[in-house]
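If you scroll down you'll find the structure; I have some questions about it.
The values are calculated or read from the model by the stated rules, or taken from the named source; none is laboratory data. Fair warning: this is a prediction, and the values are worked out from it, not measured in the lab. Positions of Cβ are backbone-derived with ideal geometry, glycine not excepted, and every protein chain shown enters the neighbour counts. Ligands, DNA and RNA are stripped out before the accessible areas are found, and what is left, the full protein with its side chains, is counted by its heavy atoms. Shrake-Rupley method; radii C 1.70, N 1.55, O 1.52, S 1.80 Å.
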Amino acid sequence: MKRVAHRPRRKYGNAPIHRTRVPMDTCPFCGAPLADAGWREVDKYVQTLNGPVHVIGRGEKCSNASCPVPQARYHARQGDKLSLPHCTYGLDVLAYIAHQRNAEQKQFKEIWQALQTEYHIEISEREVGLLYRRIQALLMGNQVGVRQKLAVTQEEYGKLIMAVDALQPDGSGPKMYILYELLGGTMISIATLDQAKEDNLIEWLAPYREWSYAVEGTISDNEKALVAALKETFPRAVHQLCQMHFVKDLSEPVHEADRELQRTIREAMGQLPPVAVPERKTGDEITLQGENVSSQDENSKGDDAPRASLALMWTMDVISGIEVSTLDILSPEEWEDWWKDGSDSEGGLESVSYLSGVETREWIIDVLQAQVPMSARPLIEEVPNADLVTYWEHMRYRRAIQDTRHLGSRKPFSCGGLRGYQLLQAIDEHLAARQGLDSYLSKLHVCVHRAVEQARPLANDVRQAKEWVVKVERLLADEPVADGLQPLSVIQRQRMEVLIAECEKQQDGPTLQALQRTWRRMLDSWGSDLYHCYDIEGLPRSNLGVEALFGQARRQQRRLCGQADTSSLRVTGQGYLRATAVGQETLLEIFQLVPAWVYRTARRCVDAIEAGIRWPRQLHRDAARALLRFQLQADALHRRAAIASAPS
């Protein structure tokens, strides 16, 4: 049977000794001095960025035999400022890994190589990934640092502004809810919730109710359960609904009509006629010493095939002011000898000189131009071929028309169908004004003109509705002017009512009418919570800062994994979001603030979160083994629950 390979115990004889002791000198219960407990609590070698250190720490106990708590033992926790319990790597190594992974966006293999080559730390690539999981537990357990930052922010600004948003990675699974303080830029808490119900959200926010006296404003989207939880947790704060989410939801009728416009354009345009490809030559002709030799000639086969002279290639780069044909005054062998005399290398340039200077230049041009697509050849040829020019022209028109049918959309203002229609309209006007269209361009013009005419009513309807969405965004972004009588939020709400009343006077198209109904319904639903940002300084009108943070997390995950899927953010996203925009030195300070027992508790929490996320992957890898392990774990938990509930 193969023996389990245990991790070797590393020893460094020349490592400096770092002795740790109990931070207090007397017993807190009786006041007697503490004495040595007779055992070493810590005795290990710790690898740091500055070299290995031998950490030694001894536990202590009360020297008074009649102490009311004689069984108490006091631990030398100063060593935890250097490394984690049961870990032989320094906290500065963990801070380096976190900074390289999150800020520099490096893979674990790159970090592992840097630790070995630059800092001479003995570590495996797998251990770097395991240490990153410990980093996530440290960041989760940084409640002392979070409280200190909130206190500093409250003292500086006299208030706190809380923002909550949810990150939904790709694939099925729970959302990650983030609680963020905006004025100080503090990431307070990240929760992975199976069900985003009001009770679950209140339970998550409950530990921060103690700051409700200082929280003056909160902001989120219009998720009903989340809004109710925030108002319950921070009753004195006003709640601002994200205006960008408002505009996005308002633009839904416009984008629905825009998708219909895109379908109309595709159906009306139909299949575009293919472009006729010009015929290619069957063989490339090479002029050799005044004779025409086909590339398929017998003399071009084998080792005697014509080859270009490296000497002539370099000569054309060195000599200027003459025609290329002038170089053929000397033979290629003479040019080779000339280069050998001027070369610093011992053997000169190795070359086989069969082609003349003019032939070498033409051969190089042919080799480079062969890598260019045929539709772009006229742009690089000195004397363009007429058939290739026609082919290039047809391909450019056809590609421009094809692109108009597949433009993407993004709420609230980017409408792919409307942009495609505008491009088609420009192409239609251009082809109509152009004189002398050939048969192929005339066919393209017929397709384009038919699509433009059939889609014109719907396009005008979408354009008009989109203009009103833009007006709403401009009104929300425009700071109202105070009149000294009413709050700014009331003034802005009145301006919004005037704008929607002006819009409702127009009854031009179905898209605009659908927009008016959605607009009125949303104003009634969102109410005054849309305008609090104009009364409270520092309360933003949108949650774009947190949204940008989510975007950075997604881009980093795609870069590190090389995949478009971001489902693994459910495992690694917490570490990135907590450590983002934090320097390496600040990370080290954060790690040193986390007590050992808090770290152990946070480590169990991280393991529990990851267990639920990794469960589908384990099933896909080996379903029978995963189900058996799950059954054993469930049976063990049931036994523990039964023992705990049994009468004593």
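Of the numbered conditions (1) small (Gly, Ala, Ser); (2) part of a helix (DSSP H, G or I); (3) out of contact with any helix residue (DSSP H, G or I) (no Cβ under 8 Å at 6 or more places or on another chain), Gly484 fails exactly one; give the number of that condition.
(2)
Turning to a different aspect of this structure: Read through the list (1) crowded, with 16+ Cβ neighbours inside 10 Å; (2) closer than 26 Å to Ser489 by Cβ, then give the number of the only condition that Pro174 fails.
Result: Pro174 passes all but (2).
Filter segment 510-532 down to the residues that are without any contact (Cβ under 8 Å) to a residue 24 or more places away in the chain and surrounded by 13 or more Cβ atoms within 10 Å (Cβ to Cβ), then identify the one that is farthest from Leu458 (Cα to Cα).
For segment 510-532, the residue satisfying everything is Arg520.
Does Ser409 meet the test of being of a type in the set (Ser, Thr, Tyr), without any contact (Cβ under 8 Å) to a residue 24 or more places away in the chain and open to solvent by 20 Å² or more (accessible area, probe 1.4 Å)? Spell out how you get there, then give the answer.
Details: of a type in the set (Ser, Thr, Tyr): yes; without any contact (Cβ under 8 Å) to a residue 24 or more places away in the chain: no; open to solvent by 20 Å² or more (accessible area, probe 1.4 Å): yes.
No: the conditions fail for Ser409.
Now for a separate question. Report, ordered by the first and then the second residue, all pairs with beta carbons closer than 8 Å, sequence separation of six or more or different chains, a first member in segment 112-124 that is closer than 11 Å to Asn50 by Cα and in contact (Cβ under 8 Å) with a residue 60 or more places away in the chain, and a second member that is open to solvent by less than 90 Å² (accessible area, probe 1.4 Å) and of a type in the set (S, T, N, Q).
Correct list of pairs: Ile121/Gln47.
Let me ask another. State all residues of segment 234-254 that are surrounded by fewer than 24 Cβ atoms within 10 Å (Cβ to Cβ), touching a residue at least 24 places away in the same chain (Cβ under 8 Å) and either farther than 15 Å from Leu530 by Cα or basic (Lys, Arg) (or both); if no residue qualifies, say none.
The answer is Phe234, Arg236, Lys248, Glu252, Pro253.
Okay, next question. Confirm whether Arg493 is part of a helix (DSSP H, G or I), open to solvent by 20 Å² or more (accessible area, probe 1.4 Å), in contact with a helix residue (DSSP H, G or I) (Cβ under 8 Å, 6 or more places away or on another chain) and over 27 Å from Lys159 (Cβ atoms). Explain how you work it out, then say what you get.
Details: part of a helix (DSSP H, G or I): yes; open to solvent by 20 Å² or more (accessible area, probe 1.4 Å): yes; in contact with a helix residue (DSSP H, G or I) (Cβ under 8 Å, 6 or more places away or on another chain): yes; over 27 Å from Lys159 (Cβ atoms): no.
Judged against the criteria, Arg493 is not a match.
Looking at Leu437, is it without any contact (Cβ under 8 Å) to a residue 24 or more places away in the chain, surrounded by 13 or more Cβ atoms within 10 Å (Cβ to Cβ) and touching a His at 6+ places or on another chain (Cβ under 8 Å)? First the steps, then the outcome.
Details: without any contact (Cβ under 8 Å) to a residue 24 or more places away in the chain: yes; surrounded by 13 or more Cβ atoms within 10 Å (Cβ to Cβ): yes; touching a His at 6+ places or on another chain (Cβ under 8 Å): yes.
Here the answer is yes, as Leu437 does meet what is asked.
Name the residue that is surrounded by the most Cβ atoms within 10 Å (Cβ to Cβ), counting only residues in segment 68-87 that are modelled with pLDDT of 85 or more and more than 21 Å from Leu139 (Cβ to Cβ).
Among those residues, the one meeting the criterion is Tyr74.
Quick check: is even one residue across segment 260-270 surrounded by fewer than 20 Cβ atoms within 10 Å (Cβ to Cβ), under 30 Å from Leu444 (Cα atoms) and at pLDDT below 90?
Taking every residue of segment 260-270 in turn, at least one turns out to be surrounded by fewer than 20 Cβ atoms within 10 Å (Cβ to Cβ), under 30 Å from Leu444 (Cα atoms) and at pLDDT below 90.
Of all residues in segment 207-224, how many are assigned to a helix (DSSP H, G or I) and buried (at least 16 other Cβ atoms within 10 Å of the Cβ)?
Going through segment 207-224 one residue at a time, the tally reaches 2.
Right, here's the next one. Does Glu585 meet the test of being within 30 Å of Asn102 (Cβ to Cβ), of a type in the set (Asp, Glu) and either open to solvent by 30 Å² or more (accessible area, probe 1.4 Å) or without any contact (Cβ under 8 Å) to a residue 12 or more places away in the chain (or both)?
On the way: within 30 Å of Asn102 (Cβ to Cβ): yes; of a type in the set (Asp, Glu): yes; either open to solvent by 30 Å² or more (accessible area, probe 1.4 Å) or without any contact (Cβ under 8 Å) to a residue 12 or more places away in the chain (or both): yes.
Spelling it out, Glu585 is indeed within 30 Å of Asn102 (Cβ to Cβ), of a type in the set (Asp, Glu) and either open to solvent by 30 Å² or more (accessible area, probe 1.4 Å) or without any contact (Cβ under 8 Å) to a residue 12 or more places away in the chain (or both).
Scan segment 442-459 and give yes if some residue there is of a type in the set (Ser, Thr, Tyr), open to solvent by 80 Å² or more (accessible area, probe 1.4 Å) and more than 36 Å from the chain's Cα centre (by Cα), otherwise no. If you could, list the steps in order and put the result at the bottom.
First, pick out the residues of segment 442-459 that are of a type in the set (Ser, Thr, Tyr): 442.
Keeping just the survivors that are open to solvent by 80 Å² or more (accessible area, probe 1.4 Å) gives none.
Looking for residues that are of a type in the set (Ser, Thr, Tyr), open to solvent by 80 Å² or more (accessible area, probe 1.4 Å) and more than 36 Å from the chain's Cα centre (by Cα), one finds none in segment 442-459, hence no.
Further, regarding this structure: Looking only at segment 10-67, which residues are open to solvent by 30 Å² or more (accessible area, probe 1.4 Å), within 30 Å of Tyr89 (Cα to Cα), of a type in the set (Ser, Thr, Tyr) and assigned to a strand (DSSP E or B)?
Tyr45
Rundown of residues vs (1) hydrophobic (A, V, I, L, M, F, W, C); (2) closer than 21 Å to Tyr599 by Cβ, yes/no style:
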position	(1), (2)
Tyr12	no, no
Thr20	no, yes
Leu34	yes, no
Ala37	yes, no
Leu49	yes, yes
Gln71	no, no
Lys81	no, yes
Thr88	no, yes
His99	no, yes
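Could you pull out the residue among Gly551, Gly545 that is surrounded by fewer than 17 Cβ atoms within 10 Å (Cβ to Cβ) and in contact (Cβ under 8 Å) with a residue 60 or more places away in the chain?
Numbers: Gly551 fails: in contact (Cβ under 8 Å) with a residue 60 or more places away in the chain.
When all the criteria are applied, what remains is Gly545.
If you don't mind, there's one more thing I want to ask. For Trp204, only one of the following conditions fails: (1) open to solvent by 20 Å² or more (accessible area, probe 1.4 Å); (2) over 28 Å from the mean Cα position of the chain (by Cα); (3) of a type outside the set (Gly, Ala, Ser). What is its number?
Only one criterion is unmet by Trp204, namely (2).
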